[in-house]
Amino acid sequence: MRKSLIQQARDFILENTEKNNFVFSSTEIKTSLKNFLIENGYLYSPIKNIFLLKKNNEDIFKKIEENKFGILEKLCAPKKILLGWWILSWEFLINYYLWKIKKSRIFRIITKSKNFESILWDENSSKISDEKIKIIFKPSQIPRITRKIKIGKFSFEIETKLSFIINNFYLFKDNSDFKKIILETDFDIFEIESLIKNKFKFSAISKIAIFYKNNNQEGKYQMILKASKNNWKPLDRRWTKVLKKEKIKKKKVKVDLNDLF
């Protein structure tokens with residue numbers, strides 16, 4: 001016996017509520033059911049081809065906020081398997097590596113060719129711009145080292161700390177949180193040599209080495225220096241100075257030995 005659209009909608013809502021699934025790509029819902037749910041206010045599309053299952057009177061902004069990482073997971077996994085997962089990077093990684101994920105409002109996704117941005121909210125919303133969630137797709141061909149992570153039950157591919165700080169040094173070099181990540185990042189000489197051989201931006205590697213020198217991390221500076229010499233590449237010192245430490249003159253203490261006479 002064929003189910004009515006109302007029964008299909010009931011079954012769909014019950015099944016996915018029990019599984020705690022509220023985010024769907026357009027192809028995951030049968031067209032007739034999708035249209036029925038949209039017309040009755042149970043589905044909302046915060047961005048093209050992505051749908052949120054919700055109560056028909058529920059606050060959309062709150063629902064997007066609760067499910068932003070589910071939306072991101074759908075956006076970061078393109079249909080064409082050969083393309084691989086798209087990489088989540090930039091501002092989000094500063095918050096991720098400093099354990100401040102909830103603060104993230106801007107998410108940049110690195111792709112091979114896609115280039116556009118969107119707000120996860122109705123354009124007529126009265127919410128101020130800082131509260132809205134922005135998704136930015138950016139094309140990039142530069143080399144990256146990535147790893148897979150999970151946030152809750154959702155999976156993403158992101159840049160490793162070392163790859164991130166090398167590729168984004170010029171973009172975030174004045175950001176205090178980014179500087180903190182640089183200082184906290186550990187690596188060995190083989191990782192630096194691998195970056196050089198894989199044509200990561202050597203001027204950024206050089207600037208980071210000098211940043212370590214100027215921030216009393218001599219070991220990391222020497223490691224990058226040695227890796228550079230091993231690959232016949234002198235550090236790029238243009239527009240960068242190693243800060244000389246001022247010598248503090250010790251105050252002379254007057255010795256009174258008069259009582260010995």
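The values are calculated or read from the model by the stated rules, or taken from the named source; none is laboratory data. Here the structure is a predicted model, which is why all the values come from computation and not from measurement. A quick note on method: Cβ atoms are made from the backbone with ideal geometry, for glycine too, and the neighbour counts reach across all protein chains shown.
The rows are residues; the columns are (1) closer than 17 Å to residue 29 by Cβ; (2) at pLDDT below 90.
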position: 54; (1), (2): yes, no
position: 71; (1), (2): yes, no
position: 79; (1), (2): yes, yes
position: 82; (1), (2): no, yes
position: 85; (1), (2): no, yes
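Give the residues of region 43-64 that are more than 19 Å from residue 106 (Cα to Cα), surrounded by fewer than 18 Cβ atoms within 10 Å (Cβ to Cβ) and of a type outside the set (D, E, K, R), sorted by residue number.
49, 56, 57
Would you pick out the residues in region 144-169 that are loosely packed, with under 14 Cβ neighbours inside 10 Å and either more than 16 Å from the chain's Cα centre (by Cα) or of a type in the set (D, E, K, R) (or both)?
Passing the criteria: 147, 148, 150, 153.
Given the residues 192, 165, 182, which is the only one that is farther than 30 Å from residue 62 by Cα and out of contact with any Ser or Thr (no Cβ under 9 Å at 6 or more places or on another chain)?
Every option except 182 fails the conditions.
Would you say residue 62 is modelled with pLDDT under 90 and over 23 Å from residue 149 (Cα atoms)?
Yes; evaluated as a whole, the condition is true for this residue.
Of these, 67, 21, 40, which one is of a type in the set (S, T, N, Q), surrounded by 10 or more Cβ atoms within 10 Å (Cβ to Cβ) and assigned by TED's automatic domain parsing to the domain that holds residue 101?
Criteria check complete, one pass: 67.
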